[in-house]
1. Take every DSSP beta bridge with both residues inside the chain and express the antiparallel ones as a percent of the total, to the nearest 5.
2. What does the charge add up to near F138, with Lys and Arg as +1, Asp and Glu as -1, over the other residues with Cβ less than 11 Å from its Cβ?
3. About the Cα centre, and with charges only on the beta carbon of Lys, Arg (+1) and Asp, Glu (-1), how big is the dipole of the chain? Nearest 20 debye, please.
4. Taking Cα centroids, how far is the range 44-70 from the range 246-296 in Å?
5. Multiply the residue separation of D257 and V43 by 0.36 nm, subtract the distance between their alpha-carbon atoms, and state the gained length in nm to one decimal.
6. How much length would be gained if the chain were fully extended between A173 and Q10, taking 0.36 nm per residue of separation minus their Cα-Cα distance, in nm to one decimal?
7. Mean-square fluctuation check for the chain, GNM, Cα pairs under 10 Å: which of L11, L53, L254 is largest?
8. What is the Å³ per residue value for the convex hull set by the Cα atoms of the chain?
Amino acid sequence: MAHPSGARYQLGGLEFAVLSDGTFTYDAGAVFGIVPRVMWERVVPPLDAMHRLTLGLNCLLIRSEGHVVLVETGVGGKPHDRDTASPAEEGTLMTALAALGVAPEEVTDVVNTHLHADHCGWNTSGSGAEGDPVHPTFPNATYHVALQEWHDANHPNERTRATYLERNLAPIADHVRLLDGDGAETPITSEVRFLAAPGHTHGHGVVVLRGGGAIGEWGLFTGDLAQHPVQLERTPWVSGLDVLPLVSMETKKLLMDRCIDEDALVIVAHGAYPGVARMTRTDRGFRQLVDVPPAS
Ligand SMILES: [Zn+2]
């Protein structure tokens, strides 16, 4: 089966490609939390036999100022990474990178919006068997992650420990740059920046792309600001997976209104590939995503 890959977009002088690590299926009730099913089932595609939604696993590759930046690393390809709800043959991130002519050694920066297992799986590779230790997939990269998220992932509680996996974290410990997440945009390069966006987790962030100074020449990669795109349109549709649901609601409102006012590209991490849209406002005042096709 062919997997979608390599959709390219332009933001002023900055080009980026959307890469896919396949799909991820997740219980729809968990995704929609306290929103009644009669409301959300009208606006989502059919669920599978286990009542699960199919979510995209969109990652970004950006060449900027001599850096090769990878945003998110999907579910991964190590033993057990794809045991739950993601077909093994769909671990396509490395194939997609290779198709763009990028070797793992060339990646200079990896940005994780947070460290749940569906966002940082390819941070590491290796079976863990003798002679094949789990190791950083991108040996020359700095891995950028919020200080709070790194702390929480390494001190999981009863609720979070199923998704904060030691095999995705410990091998990169010497390669991590911890971001303090004080509310300002933290540069990876001047064009690619990390911005704290708490709610899904305390230390969750989004990635801001700035291709130029003009309106419309920037973009926002959502991470898990929402799992389903419709949740970005509807402020109170907060995921049941969020650790801080009320904070999540405020963060979403602030960022989505800014995306409308300043005409940003919104890149939805779990949207159907490539998951790129602009947020608009309807005549009746509701937020509405409008898909944007790739430039190539
Ligand atoms: Zn996720």
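Laboratory data are not the source of any read-out in this text; all were calculated from the coordinates shown. All values derive from a computational prediction rather than experimental measurement. Cβ placement follows ideal geometry from the backbone for every residue including glycine, while neighbour counts extend to all protein chains displayed.
1. Details: 41 of 54 bridges.
In the chain, approximately 75 percent of DSSP beta bridges are antiparallel ones.
2. Values: positive: none; negative: E105, E106, D109.
With Lys, Arg at +1 and Asp, Glu at -1, the neighbours total -3.
3. Details: 21 positive and 37 negative charges, 160 e Å.
Once rounded to the nearest 20, the dipole reads 760 debye.
4. 15 Å
5. Details: separation 214, 0.36 × 214 = 77.04 nm, distance 2.17 nm.
Using 0.36 nm per residue and subtracting the Cα-Cα distance, I get 74.9 nm.
6. On the way: separation 163, 0.36 × 163 = 58.68 nm, distance 3.34 nm.
Taking 0.36 nm per residue and subtracting the Cα distance, the gain is 55.3 nm.
7. L254
8. On the way: hull volume 39.9 nm³, N = 296.
Each residue corresponds to 135 Å³ of Cα convex hull volume.
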